[in-house]
Amino acid sequence: MPGGKRGGRKKGKRGGGMNGEQAGALRAVQEWVFLGNGRDWLGGSLEIDDGFNVARKKSGGGGLGEKMVFELHCHSTCSDGFLSPTKVVERAYENGVKVLALTDHDTMSGIPEALVAARRLGVKIIPGVEISTMFSPSDDPEAEEPVHILAYYSSCGPMRPGELEDFLASIRDGRYARAHNMISKLNGLKMPVKWEHVARIAGKGVAPGRVHIARAMFEAGHIENLKQAFSRYLYDKGPAYSKGSEPLAEDAIKMIRNTGGVAVLAHPWALKNPAIVTRKLKEAGLHGMEVYRCDGKLTAYSDLADASGLLKIGGSDFHGKGKNSESSLGSVNMPVTVLHDFLKLARPIWRDAIRNTLEQYIAEPSEAKLEEITRFRRTRTCSGSSCRNELISACVSSWLTEEEMRNPEFEAVASKLQESLRVVPIETR
Ligand SMILES: [Zn+2]
Ligand SMILES: [Zn+2]
């Protein structure tokens, strides 16, 4: 192997200390990150330069010296984060993040806004979501605990997005009911908190969570700090705690797999029984788990992942709280071989999902379906029927290599698409 095991010859900042395996992984990761750039899968003119593509640095960009920073776990105001999706992307960009997965709790509503900002700055967005679930094994009721599952999708988003959206909507509805419950418990504890107050803190359309209630308690003067709200009242099974109606973790994993996503267990260090959870969820089809944090790889969880044959990744779980103690966006340093492993697992899943989504459209070409496929990539210059080809091309070419696009299966989809896109009258739907 070139470079060999030693590979430690320092060459300054440019790829210094990289062995052959790492250099190969970096090249593969870079190839995927920088996909797109004006290619047109469907033939014809790709006139929109929508800039969805990550720009290589002008001078010597894309060389071995350019670090590939992935941020795979963060939140915006669309759930319990403090920064808007735009601000999250801007902050990530400032921190050198090239690929960002926005993973709000139980909603993907921030993705379109994140994409607009990402387009401007040249950051690649992986549409993501963090799903609140309950691990509740029938053979061991004592082992029940809440579990968060991250889902990562392709540029076309989830296949059959309606199914996922219904699934997420019912979790969000459950959160409203739960918040009402916790508020009435607080009122019973002589700590009156108004629903309107909590709802205002959560923001329009955001399903309120414990942190929003804690802030309302703080603002109402019932507690001295947010921590106290949790340590005294809102902790799991605490006096003001209320259980949500989360789906089973296994069902969420099934849903993620069925809609073309990659399913990853979030922050296993927050679990009571990480060993049982990982084993059972691996059986249910879990792809990976978080083991990297900004303080490095956690050996115990890494071993657990290895024992279960799970992919190992990580993310900052940034919420924008503005505290020094919080990990910043892009602060989790994942070796390039880890990013490569992530993409090796995810890309075939995404590729099949993209093909499947496009085949669904071919089988039933309607503007509504097209909206679904391209809803994450509206642009100012191009929306809906006026440039269907371009939108679909942009989705495909930012995610698939030339080779993947030119394989016979995709070629067949392309030629059918060209036909159907020509046939569908613009007025449809
Ligand atoms: Zn979480
Ligand atoms: Zn999170």
Query raised in the report: Are any residues in the stretch 116-139 within 16 Å of ligand 2 (Cβ to nearest atom) and either among the small types (G, A, S) or out of contact with any His (no Cβ under 6 Å at 6 or more places or on another chain) (or both), and if so, which ones?
Result: I126, P127, G128, V129, I131, S132, T133
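Residues checked against (1) within 16 Å of ligand 2 (Cβ to nearest atom); (2) more than 25 Å from T278 (Cα to Cα); (3) outside the structural domain of K369 (by the TED database):
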{"residue": "P141", "(1), (2), (3)": "no, no, yes"}
{"residue": "H148", "(1), (2), (3)": "yes, no, yes"}
{"residue": "S155", "(1), (2), (3)": "no, yes, yes"}
{"residue": "N181", "(1), (2), (3)": "no, yes, yes"}
{"residue": "G188", "(1), (2), (3)": "no, yes, yes"}
{"residue": "E196", "(1), (2), (3)": "no, yes, yes"}
{"residue": "A199", "(1), (2), (3)": "no, yes, yes"}
{"residue": "V211", "(1), (2), (3)": "yes, yes, yes"}
{"residue": "A216", "(1), (2), (3)": "no, yes, yes"}
Report task. Being in contact (Cβ under 8 Å) with a residue 60 or more places away in the chain and surrounded by 24 or more Cβ atoms within 10 Å (Cβ to Cβ) is the filter here, so list the residues in the stretch 82-96 that pass it. Result -> V88, A92
**Report entry** Elements of type strands (runs of 3 or more DSSP E) in the stretch 257-349, at least 3 residues being within 16 Å of ligand 1 (Cβ to nearest atom)
**Finding:** 262-265, 288-293
Query - Boolean, V29 is buried (at least 18 other Cβ atoms within 10 Å of the Cβ), at pLDDT 55 or above and either farther than 16 Å from A118 by Cα or within 16 Å of ligand 2 (Cβ to nearest atom) (or both) - result: yes
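Let's see how each residue does on (1) over 15 Å from the mean Cα position of the chain (by Cα); (2) within 16 Å of ligand 2 (Cβ to nearest atom); (3) at pLDDT 95 or above; (4) not in a strand (DSSP E or B):
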| site | (1), (2), (3), (4) |
| --- | --- |
| F52 | yes, no, no, yes |
| L64 | yes, no, no, yes |
| Y93 | yes, no, yes, yes |
| E113 | no, no, no, yes |
**Report entry** Residue check, P127 within 13 Å of ligand 1 (Cβ to nearest atom), outside any loop (DSSP other than H, G, I, E, B) and outside the structural domain of Y361 (by the TED database)
**Finding:** no
Requested in this report: Examine the stretch 325-343 for a residue that is touching a helix residue (DSSP H, G or I) at 6+ places or on another chain (Cβ under 7 Å) and charged (D, E, K, R), and state whether such a residue exists.
Outcome: no
Report task. Please verify whether the stretch 149-161 includes one or more residues that are more than 14 Å from ligand 1 (Cβ to nearest atom), of a type in the set (S, T, N, Q) and buried (at least 24 other Cβ atoms within 10 Å of the Cβ). Result -> yes
Query raised in the report: Would you pick out the residues in the stretch 315-324 that are among the polar types (S, T, N, Q) and under 23 Å from A202 (Cβ atoms)?
Result: S316
Query raised in the report: Restricting the stretch 286-317 to residues that are surrounded by fewer than 22 Cβ atoms within 10 Å (Cβ to Cβ) and polar (S, T, N, Q), which is nearest to ligand 2 (Cβ to nearest atom)?
Result: S302
Requested in this report: Among what's in the stretch 95-111 and is over 15 Å from G128 (Cα atoms) and not small (G, A, S), pick the residue that is farthest from ligand 2 (Cβ to nearest atom).
Outcome: K98
Report task. Looking only at the stretch 235-258, decide whether some residue is of a type in the set (A, V, I, L, M) and more than 26 Å from A101 (Cβ to Cβ). Result -> yes
Report summary line: Residue set S302, S316; condition closer than 26 Å to E31 by Cβ and modelled with pLDDT of 95 or more; output residue S316
Report task. Among the candidates I213, I223, I201, single out the residue that is surrounded by 15 or more Cβ atoms within 10 Å (Cβ to Cβ), more than 28 Å from the chain's Cα centre (by Cα) and without any contact (Cβ under 8 Å) to a residue 60 or more places away in the chain. Result -> I223
**Report entry** Residue count, the stretch 109-123 (criterion: crowded, with 24+ Cβ neighbours inside 10 Å and basic (K, R))
**Finding:** 0
Report summary line: Of the residues in the stretch 95-111, those that are assigned to a loop (DSSP other than H, G, I, E, B) and not acidic (D, E) come to N95, G96, T103, T107, M108, S109, G110
Requested in this report: Of all residues in the stretch 270-318, count the ones that are under 22 Å from E145 (Cα atoms), of a type in the set (D, E, K, R) and without any contact (Cβ under 8 Å) to a residue 24 or more places away in the chain.
Outcome: 2
Query raised in the report: If T374 passes every condition in (1) touching a residue at least 12 places away in the same chain (Cβ under 8 Å); (2) surrounded by fewer than 18 Cβ atoms within 10 Å (Cβ to Cβ); (3) among the hydroxyl-bearing types (S, T, Y) but one, which one does it miss?
Result: (2)
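The values are calculated or read from the model by the stated rules, or taken from the named source; none is laboratory data. It should be emphasised that the depicted structure is a prediction, and the values quoted were computed from it without experimental measurement. Every residue, glycine as well, gets a Cβ built from its backbone with ideal geometry; the counts of neighbours run over all protein chains shown.
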